1. On a 22 Å Cα-Cα criterion, which of the cross-link pairs 190/219; 90/149; 44/236; 90/134; 149/188; 44/90 come out too long?
2. What is the Rg over Rh value, at two decimals, for the chain, using alpha-carbon atoms and the Kirkwood definition of Rh?
3. Could you list log10 I(q)/I(0) for the stretch 1-64 at q = 0.19 Å⁻¹, which the Debye formula gives when each Cα is one point scatterer?
4. Mind listing the phi-derived Karplus ³J(HN,Hα) values for the stretch 18-32, rounded to whole Hz, using 6.51, -1.76 and 1.60 with θ = phi - 60°, and x for any glycine or proline?
5. Please list the equivalent ellipsoid semi-axes of the stretch 92-205, computed as the square roots of five times the alpha-carbon gyration tensor eigenvalues, in descending order and whole angstrom.
6. Which GluC sites (Glu not before Pro) does the stretch 176-221 hold that lie in a coil by DSSP with at most 16 other beta carbons within 10 Å?
7. Quick query: amide H of residue 60 versus all other amide H atoms, modeled in the peptide plane; which residues come in under 5 Å with a sequence gap of 5 or more or a different chain?
8. Rounded to whole Hz and in sequence order, give me ³J(HN,Hα) for the stretch 173-181 from the Karplus expression 6.51 cos²θ - 1.76 cosθ + 1.60, θ = phi - 60°, writing x for Gly and Pro.
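Values in this text are rule-based calculations from the coordinates and carry no lab data. In this text, all values refer to a predicted model and were calculated from it rather than measured experimentally. Glycine gets a Cβ as well: all are built from the backbone with ideal geometry, and neighbour counts include every protein chain shown.
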Amino acid sequence: MPGVLLEVSGVVKRFGGFTALDGVDFAVRPGERVGLIGPNGSGKSTLVNCIVGTLRNDEGGIRFEGRDICAYPAHRRIRLGLARSFQIPKPFASMSVLDNLCVPLLYAAGRRGAHGPIIEEATHILEQVGLREKARAMSGGLTQVDMRKLELARAIAARPRLLISDEAMAGLSASEVDDILELLLGLKEKGVAVIMIEHVMRAVMKFSERIAVLVAGRKIADGDPQTVVGTPEVIKAYLGE
C-alpha cells in the first residue's frame with residue numbers, strides 16, 4: 001500500500017482454542033499519530049506483540065515500509081525502526097539513567113565506535129524528556145513519572161520510525177499525564193509515527209489524529225476521533241447496553 005509505514009492485513013492470533021485476534025486490518029502512515037483503544041482483553045497488547053515480534057501471528061501479514069516482517073525476530077524489527085515502550089517500566093535498576101540509554105543506542109540503534117558520541121546522544125535524549133539532571137541517578141530510585149519518561153527515552157534511543165506507546169500514562173496524575181503527552185506530541189516534529197495504547201481518554205483525544213478500536217479481537221471502528229467515540233458500537237463496548 002503506497003504511503004503506508006505499517007500495514008497489518010487480516011492478522012489472526014490464537015491461543016489454543018481462544019482467538020485473541022480475528023482478522024485485524026490496521027495501518028499507520030509515516031509521522032501519523034494513532035490511538036489504539038478498547039476494553040481490557042480486547043486484543044490490543046496481543047496485536048502490539050505480533051507487530052513487534054514478541055508473538056508470531058498465525059494468519060495474515062505484517063509489512064513495515066513495504067517489507068514483509070512476519071518471519072523477523074523482535075531485535076531485527078527494532079533495527080528496522082519499529083520500537084515500543086512497555087506498560088510496566090523495567091529499567092536496569094542497578095545502572096544509572098544515562099547508562100540505561102546507552103544500551104539501546106549500542107544494540108538497537110546500532111551505534112558503534114567511540115564512547116563519547118554515544119554519551120552525548122544519550123544526554124541529548126535525556127534533555128528531551130526532562131531527565132538530564134538525573135542522568136547519574138540510579139534508575140531504580142526514580143519516581144513513577146520519571147520511570148515512564150525513561151521508558152520512552154529508551155524507546156526513542158532505538159531511533160524508531162514508528163513508536164508504540166503502551167499505557168505510558170497509567171496511574172499518573174493529570175499534570176504527569178500532560179508531561180508524557182507533550183513528550184509524545186514532540187515526536188511528530190521528528191517525523192516519528194506513534195501508536196498510543198491508552199485508557200486515559202482525555203490524552204487519547206488530544207493526541208490522536210485517528211483512532212482505531214478493538215473489541216474481542218476484532219477492529220470495530222477506525223477513523224476521526226470524534227466520529228469514532230460517538231459510534232453506537234463503540235459506546236456499547238465501553239458502557240454496555
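1. Numbers: 190/219 29 Å; 90/149 12 Å; 44/236 18 Å; 90/134 17 Å; 149/188 17 Å; 44/90 20 Å.
Listed pairs above 22 Å: 190/219.
2. Numbers: Rg = 17.8 Å, Rh = 18.4 Å.
We get a ratio of 0.97 for the chain.
3. -0.71
4. 9, 9, 7, 10, 10, x, 7, 10, 7, 9, 9, 8, x, x, 7
5. For the stretch 92-205, the semi-axes come out at 24, 17, 11 Å.
6. Sparse-neighbourhood loop GluC sites (Glu not before Pro): 209.
7. The list, which skips near neighbours in sequence, is 12.
8. 6, 4, 5, 5, 4, 5, 4, 5, 4
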